[in-house]
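Asker: The structure that follows is given in the form of structure tokens.
The values are calculated or read from the model by the stated rules, or taken from the named source; none is laboratory data. All of these numbers come straight from a predicted model, not from anything done at the bench. Every residue, glycine as well, gets a Cβ built from its backbone with ideal geometry; the counts of neighbours run over all protein chains shown.
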């Protein structure tokens, strides 16, 4: 799994945005956090995509989710693609496979 925290754009109420690659789910993910009364500095993920297998199939799909809310480095899509490529051939461990069976009915 990879994870990059991005600097929020000014004036939109976002405190952070996160983007990355989740190898077990075979998806990229994107999160946007806004402050809450209970956690003004950490906030809560008010946007969170990439929690289902294959939901965000490309780096560009994940970048589109966060680009409105955060500054996206020009190399980020390439970095995410490299993160995915680095996991080609990596198989689920026994615990990951069992969790997938329970959650999704399959290990694929």
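Every residue, every condition in (1) part of a helix (DSSP H, G or I); (2) at pLDDT 90 or above; (3) surrounded by 17 or more Cβ atoms within 10 Å (Cβ to Cβ), yes or no:
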position: 13; (1), (2), (3): no, yes, no
position: 39; (1), (2), (3): no, no, no
position: 42; (1), (2), (3): no, no, no
position: 62; (1), (2), (3): yes, yes, yes
position: 89; (1), (2), (3): no, no, no
position: 106; (1), (2), (3): no, no, no
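Asker: Taking residue 56, is it in a loop (DSSP other than H, G, I, E, B), modelled with pLDDT of 95 or more, on the phi < 0 side of the Ramachandran plot and out of contact with any helix residue (DSSP H, G or I) (no Cβ under 6 Å at 6 or more places or on another chain)?
Answerer: Judged against the criteria, residue 56 is not a match.
Asker: Still on this structure, please answer the following. For the range 19-34, enumerate the residues that are free of Cβ contacts under 8 Å to residues at least 40 places away in the same chain and either closer than 19 Å to residue 61 by Cβ or out of contact with any strand residue (DSSP E or B) (no Cβ under 8 Å at 6 or more places or on another chain) (or both).
Answerer: 22, 25, 26, 27, 29, 30, 31, 32
Asker: Still on this model: Check residue 83 against each of (1) at pLDDT below 90; (2) within 11 Å of residue 4 (Cβ to Cβ) and name the one condition it does not meet.
Answerer: Residue 83 satisfies all of (1) at pLDDT below 90; (2) within 11 Å of residue 4 (Cβ to Cβ) except (1).
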